[in-house]
Amino acid sequence: MIGWSPVYILLFGGFAFFGTLAVYNGQRLFKVSDVKTPWLDWVQKRTDAIRILTIVASILSLALSIVAVWGHDILRIAIWMSPAVVVSFLYVFRMKGKNLRDIPNLKIHLIAFSWVFILILFPFLTRFYVEPVFVRPFIALILGHYFYVVAVTIPFDIRDLKYDKENQKTIPQRVGVHGSKLISVGLLLVSAAFLTGLTPIRIDNYWFWGAILVQVALVLGMNTKRSDFYCAGWIDASIALLGLAYFMN
C-alpha cells in the first residue's frame, strides 16, 4: 500500500475523531425529542442550555475536522464521505414518520457500516490503493472490524430493550439478553480470528488479546439494569484498548 505516512495518519485520525464528534452531537439534536433514555431525558429537561452547547460543539468539531484535511482534495473527500453522511443523517431524521433506525434488523448494521466505512474504507478510497497481495488481509480487516463493532453494539441494544420499539427487531428483542451476550462473545472471537489470522496483527500480541478479553468480560457482565455509564463509559472506553493494541503489534 502506498501513500501511508505518519502525517496523513495523524491528520486523518483528527478528521475521523472530530467528524464523528460533530455527527454524534448533531444527532442528539434530533434524538432528544424522539428517543427516551435517562441521558436524553436529562438533556430534554435542560433543553436550552444543552441545545446551545450541543450546537456549538457540533460546529466546532465540524470545523476542526475540515481543518484536519485542509489542503487535500476536499471535493474527493466530500464525495467519498457522502454515503456515511447520508446514513448518519437518515439514522435520526424522520421521513414520512420513519428513520433508518426504525427499520427492523437494520439498526446495528448501520452502526457497524458507518464505523468500518469511516475508519477503514474511507482512507483507502480517498488516498490509497490496495495492491493485489494485500486484498485478502484488507477484506479480513473490514470483516474483522465489522464483527467487532456489531459485538460491542449489542450491549447497547440490551440497555435499550426498555426503550426500543418492538418493530425494530434488535438482537436482544429476538433472542433475549442471554442469547444476545452469547452472540456478542461469539462475534468478538470471530473478529479476533479474522484479525490475527489474516491481517498483520500477530497472534502473540498479548495487548490485543487483553483488549478482547476485557470486552468479553464487559459483555458478560451486561444486563438491563446497568447504567448508561457502563455502556457509554466502560464499553466505549475499552474499545480504545483495541486501538492501543495495534501500536504494540
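No value in this document is a laboratory result; all are computed from the given coordinates. None of these values were measured; they are calculated from a predicted model.
In table form, for the structure just shown:
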{"quantity": "Anisotropy class of segment 122-249 from Cα gyration tensor, a/c 1.5 cut", "calculated": "prolate"}
{"quantity": "For segment 61-125: rounded, prolate or oblate by the Cα gyration tensor [a/c cutoff 1.5]", "calculated": "prolate"}
{"quantity": "In order through segment 234-243: 3J(HN,Hα) via Karplus (6.51 cos²θ - 1.76 cosθ + 1.60), integer Hz, x for Gly, Pro", "calculated": "5, 5, 4, 5, 5, 4, 4, 4, 5, x"}
{"quantity": "Whole-Hz couplings from phi, Karplus 6.51/-1.76/1.60, listed for segment 216-230; x for Gly and Pro", "calculated": "4, 4, 5, 5, 5, x, 6, 8, 5, 9, 5, 6, 4, 5, 4"}
